[in-house]
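The values are calculated or read from the model by the stated rules, or taken from the named source; none is laboratory data. Keep in mind the model is a prediction, meaning the values are calculated, not measured. Neighbour counts run over all protein chains shown; Cβ positions are idealised from the backbone, glycine included. Each accessible area value is taken on the protein alone, full model and side chains, heavy atoms only, with ligands, DNA and RNA left out. Shrake-Rupley method; radii C 1.70, N 1.55, O 1.52, S 1.80 Å.
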Amino acid sequence: MENPQVATPSTRVMLWCHPRSRSTAFELAIASVPSIKVFHEPFVVADLWGEERRSLVPDPVVPGHKFHEVKERLEGDFPGKSAVFVKDAPNNLCGNMDNIPSGYIHTFIIRNQKKSVISNFNNNTRVMKGLTSEANILKGATDYSDLTAYYQLFKYVTETLNQKPIVVEADDLLSSPKEILQKYCTETGLLYADSMLHWKPENISYWFPKMQQPYFLKYYDTAVASSCFLPLEESVTTSNLDESKELPEEVLKLIEQNEPIYNEVVKHKIQI
């Protein structure tokens with residue numbers, strides 16, 4: 001009996017994230033290496049614009065982005081590439097683990113929940129203010145910052161798929177980007193390159209076209225304009241954590257709800 005054909009290339013890595021976790025900067029660092037095929041949030045695309053979407057985005061449906069089609073695309077061959085790297089969000093898997101592509105090492109990035117949840121609420125308010133109600137802004141921010149789906153996927157990867165947990169802690173990434181990236185690459189089989197520390201700004205031509213539109217880019221503008229990992233104390237995103245501002249009770253409750261998940265996952269962070 002013949003062995004099933006292995007897709008090319010064999011090194012395939014997924015980075016699962018939550019909002020405001022530095023994941024887009026991490027992706028752009030990986031995308032600085034031309035030999036790596038990079039996908040930006042294909043399951044987010046399916047959930048926002050695909051034929052099976054849950055989103056109420058007023059844009060027309062875009063054919064070719066059903067969840068199973070995304071899975072098949074990610075499992076395809078990419079001749080001439082040394083590796084495939086995918087960044088995506090567990091919330092947009094819609095709880096269906098059957099949508100996860102085979103042949104991948106699954107990794108996770110996580111950030112202090114007080115920082116990330118407040119940052120996402122402030123960012124969502126900045127982008128959506130005047131376009132929808134405050135209630136919708138709050139719901140959008142808290143729904144996406146909820147780590148329930150993230151933790152379900154983490155448990156599925158480590159217990160059902162029996163993969164070793166590989167976790168990037170966001171503040172560690174900013175404090176020691178070279179060391180974290182080198183260890184991440186060693187753990188996943190990616191080839192480290194110094195270009196991962198200094199990349200070309202706005203290198204997003206591979207993103208889904210609607211994600212490159214000015215309106216949608218507002219969610220990612222700081223990361224997209226970046227060319228390196230800013231030292232932790234200089235991070236622009238950290239500076240928008242106005243703790244003197246009164247926060248909605250839902251935001252405070254979500255931080256408290258997420259904290260045990262952060263504490264459990266971060267036990268497995270890359271050590272330097």
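Values as computed for the structure displayed
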item: Helix axis angle, 113-128 relative to the chain longest principal axis, alpha carbon, degrees; result: 80
item: DSSP-loop GluC sites (Glu not before Pro) across segment 68-118, with at most 14 other Cβ within 10 angstrom; result: 75
item: Accessible surface, per residue, of the chain when the full set of protein chains is kept, probe 1.4 Å, Å²; result: 49
item: Tilt relative to the chain, helix 134-145 - C-alpha long axis, 0 to 90 degrees, to 10; result: 40
item: Among 161, 147, 15, residue whose mean-square fluctuation peaks in a GNM of the chain (springs only between Cα atoms under 10 Å); result: 161
item: Shape call, segment 23-133: gyration tensor on alpha carbons, a/c limit 1.5; result: oblate
item: Helical mean residue ellipticity (222 nm; -39500 (n - 2.57) per DSSP H run of 4+; nearest 500) of the chain; result: -11500 deg cm²/dmol
item: Folded to 0 to 90 degrees: helix 177-188 orientation relative to the chain principal axis, Cα; result: 40
item: Packing-based order for 116-124, 180-188, 44-52, using average beta carbon neighbours within 10 Å, highest first; result: 116-124, 44-52, 180-188
item: Nonlocal Lys pairs with alpha-carbon distance under 26 Å, segment 84-192 (8 or more apart, or different chains); result: 22
item: Long-range HN-HN contacts of residue 85 with modeled amide H, under 5 Å; result: 13, 37, 38, 39
